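Novice: There's a structure below that I have some questions on.
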Amino acid sequence: MNAQLPLIIECRCNDMDYRKENPNFPYSPQEIIQEAVRAWEAGASIFHWHGRDPISGKWLNDMELYLEVIEGIREKTDLIVDPTLGYITTQNNVEDRVSHILAANANPTLGVDMVPLEFGSLNVDFWDPQTKQFKTYDQVYANSRAHIQDVLKILTENNIYVSCACWDIGQIRTARCFQEMGLLSQNTFWEFVFTGEIMPTGALGTVSGLQAMVDAIPAGAPWLVMCWNGDVMHLAAWAITFGGHVGIGLGDDPYIRFGKPHNGELVEKVAKMAHTLGREVATPAQAREILKMQPRVSLPEKLQVTAK
């Protein structure tokens with residue numbers, strides 16, 4: 001990757017639930033839209049989120065919740081829209097996983113730009129560093145290759161850009177097999193999922209770990225680092241230096257060492273780091289170009305000049 005390319009920052013809005021630690025964690029569509037605007041103004045070009053019950057915060061795969069958020073984002077920003085597939089609540093039902101994606105794409109004024117897909121199953125038990133025990137011992141996110149194939153067929157048929165969320169090198173190798181099958185485009189965005197202390201499932205956030213992930217993807221392909229249930233800042237510095245991109249947000253960590261930040265403040269910290277290290281931050285239009293995505297054709301006139 002070219003370290004002079006503008007840095008793509010993905011705002012990872014609300015994957016986990018950290019409202020107890022940080023009250024700025026968003027649940028309702030209006031709260032999520034507000035966080036999208038803040039992230040966009042701070043320098044994010046991609047916005048990723050999960051549908052949630054506005055009161056309890058429970059994950060919901062409710063189509064109307066997603067459509068409301070997408071409409072709000074489209075009205076106020078030119079962000080690349082990147083919703084979850086909703087794996088937590090409907091992990092074994094392909095139709096339910098993609099229903100909100102297809103509903104959004106059926107409306108030409110809305111539409112989804114990108115969808116992240118994991119390429120393997122995961123143990124998702126949380127580790128307690130104090131008690132030296134796992135909090136559970138049987139939590140598995142089952143994501144069989146047959147299921148991945150079925151999801152990819154639908155996304156490919158509907159011309160939806162797929163990013164590869166890979167938790168280890170084996171998932172990268174699996175994704176490359178699907179590329180050889182013709183079900184995953186060669187034009188994809190590799191999102192490396194590192195994990196923090198309480199989630200020992202993903203890759204360890206070290207320079208050597210990062211280099212191993214980069215070495216496993218095609219030379220020159222765009223890649224991004226994130227840290228699920230952990231602080232991404234060290235990885236961010238390396239990614240900025242090595243020519244990669246960065247995902248950050250309250251969905252991954254409450255970032256209480258910064259007080260009680262909202263997503264925009266976290267994006268701003270990565271943007272400032274990039275500027276300090278001599279790298280510009282990508283606008284959504286530039287991110288689309290870097291990722292070889294189709295440009296948005298119906299951008300509101302007021303957004304022809306971005307907020308950055």
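The values are calculated or read from the model by the stated rules, or taken from the named source; none is laboratory data. All of these numbers come straight from a predicted model, not from anything done at the bench. Heads up, the Cβs are rebuilt from the backbone with ideal geometry, glycines too, and the neighbour counts pull from every protein chain shown.
Novice: How many of the residues in segment 205-254 are assigned to a loop (DSSP other than H, G, I, E, B), touching a helix residue (DSSP H, G or I) at 6+ places or on another chain (Cβ under 6 Å) and surrounded by 24 or more Cβ atoms within 10 Å (Cβ to Cβ)?
Specialist: 2
Novice: Would you check which residues across segment 151-169 are under 15 Å from ILE217 (Cα atoms) and either touching a Lys or Arg at 6+ places or on another chain (Cβ under 8 Å) or among the acidic types (Asp, Glu) (or both) and list them?
Specialist: If the condition is that a residue be under 15 Å from ILE217 (Cα atoms) and either touching a Lys or Arg at 6+ places or on another chain (Cβ under 8 Å) or among the acidic types (Asp, Glu) (or both), then ASP168 is the only one that fits.
Novice: Out of segment 153-173, which residues are over 13 Å from ASN187 (Cβ atoms), among the β-branched types (Val, Ile, Thr) and surrounded by fewer than 20 Cβ atoms within 10 Å (Cβ to Cβ)?
Specialist: Those that are over 13 Å from ASN187 (Cβ atoms), among the β-branched types (Val, Ile, Thr) and surrounded by fewer than 20 Cβ atoms within 10 Å (Cβ to Cβ): ILE154, ILE169.
Here's the yes/no breakdown for (1) in a strand (DSSP E or B); (2) surrounded by fewer than 17 Cβ atoms within 10 Å (Cβ to Cβ); (3) modelled with pLDDT of 95 or more:
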position: ASN2; (1), (2), (3): no, yes, no
position: ASP17; (1), (2), (3): no, no, no
position: PHE25; (1), (2), (3): no, no, yes
position: ILE32; (1), (2), (3): no, no, yes
position: ARG38; (1), (2), (3): no, no, yes
position: HIS48; (1), (2), (3): yes, no, yes
position: SER56; (1), (2), (3): no, yes, no
position: GLU64; (1), (2), (3): no, yes, no
position: GLU75; (1), (2), (3): no, yes, yes
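Novice: Further, regarding this structure: So, in segment 223-265, of the ones that are touching a Gly at 6+ places or on another chain (Cβ under 8 Å) and in contact (Cβ under 8 Å) with a residue 60 or more places away in the chain, which residue ends up nearest to LYS20 (Cα to Cα)?
Specialist: ASP253
Novice: For the list (1) touching a strand residue (DSSP E or B) at 6+ places or on another chain (Cβ under 6 Å); (2) more than 25 Å from HIS245 (Cα to Cα); (3) of a type in the set (Val, Ile, Thr), I need the number of the one condition that THR188 fails.
Specialist: (2)
Novice: Checking PHE192 against (1) out of contact with any Gly (no Cβ under 7 Å at 6 or more places or on another chain); (2) at pLDDT below 95; (3) not aliphatic (A, V, I, L, M): exactly one of these is not met. Which one?
Specialist: (2)
Novice: Then there's this: Yes or no: TRP49 touching a Leu at 6+ places or on another chain (Cβ under 9 Å), among the aromatic types (Phe, Trp, Tyr) and under 30 Å from THR241 (Cβ atoms)?
Specialist: Judged against the criteria, TRP49 is not a match.
Novice: Here is a follow-up. With ASN159, ASN187 as the choices, which residue is of a type outside the set (D, E, K, R), in a loop (DSSP other than H, G, I, E, B) and in contact (Cβ under 8 Å) with a residue 12 or more places away in the chain?
Specialist: Just one listed residue meets the conditions, ASN187.
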